Amino acid sequence: MNLETQKYGDVIIVRLCEGRLDAALSVRFKEGMREIVDAGATDIVLDLGEVAFMDSSGLGAVVSVMKHIGREKTFRIAALTPAVDKVFKLTRMDSVFKILSSPNDAIDQALKATG
Amino acid sequence: MQYSTQIKSRQPAVTSVVADVEGQLCASGVNPEQTGEVCLVLAEALNNVVEHAYRYSEDGDIEVDLSLINQNLTINISDFGPEFSVPEPRPVSDPSTKAFEDLPEGGFGWRLIQMLTDEVSVRRENNRNHLQLKKHLHGNTP
């Protein structure tokens, strides 16, 4: 499980450096994300740009992470590849996530806010 | 295109079957969109076997057979788990009407399979389940 984090102001970009987010990886993904959240992150962007394939276990893991983060903090997902975007749309879960076309959108916003 | 393999009911084995099939479909000229759909269907069906037929016990046998003839894709998956039936297709409910804490983390597998295939059937024979999934591919496949 390879999660790379970069901080810009209050925003933490977490890049999932894996080509697949599937049942074999979903538990480790949840654990890795929980560590980052529990370390005090309050505004998290999950960059899925490298993930070319995600199954419903992977989707469930992303939902679980969002619930763990809670409504008081900010959680966005970014850079969905076509196959990953399709899973969100077919399950209609795209309606409950804040989705950015690129993590840069959040970075620009964070850098502006900090001046 | 013809692909057959036998695996044990372990999630990493599912990952590698899906990766193999992805490579074969791609090499057969199936476009990325349909390749992705077939891989998703295959992953969901195999995850069901690992999770429900064998309940995560890792020594269950699974046979996978996939063929693509004249743009007709057929996937056959067999296991020795308990008998099951395919749930009735039903529309995906709108998750935005649910409370945040109640957002679903699972239960999408069969619906994804049903949305992305043309035919789903299961028969029980000699203590085995035989799941068959059919999907007509279109476009630039051979």
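Bear in mind these aren't lab numbers, they're just calculated from the coordinates by the rules spelled out. Note that this is a predicted model, so its numbers are computed, not measured. Please note: Cβ atoms are built from the backbone with ideal geometry, for glycine as well, and neighbour counts cover all protein chains shown.
Need one value for A:53-66: mean number of C-beta atoms belonging to other chains within 10 Å of its residues' C-beta atoms. Before the final figure, lay out the partial values.
Working: counts 9, 3, 14, 15, 10, 1, 5, 7, 2, 1, 5, 3, 1, 3.
The shielding value for this peptide is 6.
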- Query: Averaged over peptide B:26-33, how many Cβ atoms belonging to another chain are found within 10 Å of each residue's Cβ?
  - Reply: 1
- For chain A, with a Gaussian network of springs between Cα atoms less than 10 Å apart, report the residue from A:Glu72, A:Glu35, A:Glu50 with the top mean-square fluctuation. A:Glu72
- Using θ = phi - 60° and the Karplus curve 6.51 cos²θ - 1.76 cosθ + 1.60, what whole-Hz ³J(HN,Hα) does each residue of region A:58-67 get, with Gly and Pro shown as x? x, 4, x, 5, 5, 4, 4, 4, 4, 5
- Karplus (6.51, -1.76, 1.60) ³J(HN,Hα), θ = phi - 60°, over region A:79-93, in Hz, Gly and Pro reported as x: 6, 5, 6, x, 5, 6, 4, 4, 5, 4, 6, 4, 8, 6, 6
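So if I place +1 on the C-beta of Lys and Arg and -1 on the C-beta of Asp and Glu, and nothing else carries charge, what would the dipole magnitude of the protein assembly as shown be about its Cα centre? I want it in debye, nearest 20.
In debye, rounded to 20, the protein assembly as shown gives about 380.
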- May I ask you to list, by number, the DSSP H helices of chain B whose Cα span along the axis is at least 18 Å and whose average Kyte-Doolittle hydropathy reaches -0.5 or more? B:11-27, B:32-48
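For B:His136, B:His130, which order do you get if you count the other beta carbons within 10 Å of each Cβ and list the fewest first?
B:His136, B:His130
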- Taking amide H positions as placed 1.01 Å from N in the peptide plane, with prolines and chain starts having none, which residues 5 or more places from A:Phe75, or on another chain, fall under 5 Å of its amide H? A:Ile44
- Given pairs A:Lys89/B:Lys134; B:Lys8/B:Lys134; A:Lys98/B:Lys98; A:Lys30/A:Lys89; A:Lys7/A:Lys89 and cut-off 18 Å on Cα-Cα distance, the over-length ones are A:Lys89/B:Lys134; B:Lys8/B:Lys134; A:Lys30/A:Lys89; A:Lys7/A:Lys89
- What is the helix-to-structure angle for A:23-38, meaning the angle in degrees between its Cα long axis and the longest Cα principal axis of chain A, kept from 0 to 90 and rounded to the nearest 10? 20
- Task: Quote the charge dipole size of chain A about the Cα centre in Debye, to the nearest 20; the model charges only the Cβ of Lys and Arg (+1) and of Asp and Glu (-1).
- Result: 300
- Query: With no solvent and one point per C-alpha, what does the Debye sum give as log10 I(q)/I(0) for region A:3-110 at q = 0.11, 0.12, 0.20 Å⁻¹?
  - Reply: -0.29, -0.34, -1.04
- Considering every residue in A:14-22, what mean count of other chain Cβ atoms within 10 Å of its Cβ is obtained? 2
- Query: Taking a ≥ b ≥ c as the square roots of the eigenvalues of the Cα gyration tensor of the protein assembly as shown, is the shape rounded (a/c under 1.5), prolate (a/b larger than b/c) or oblate?
  - Reply: prolate
- Query: Hey, what's the per residue convex hull volume over the C-alpha atoms of chain B, in cubic angstrom?
  - Reply: 125
- Message: Only four residue types carry charge here, +1 at the Cβ of Lys and Arg and -1 at the Cβ of Asp and Glu. Report the dipole size of chain B about the Cα centre in Debye, rounded to the nearest 20.
- Response: 240
- Computed, not fitted: 222 nm per-residue ellipticity of chain B from DSSP H runs ≥ 4 (each -39500 (n - 2.57)), nearest 500, equal to -9500 deg cm²/dmol
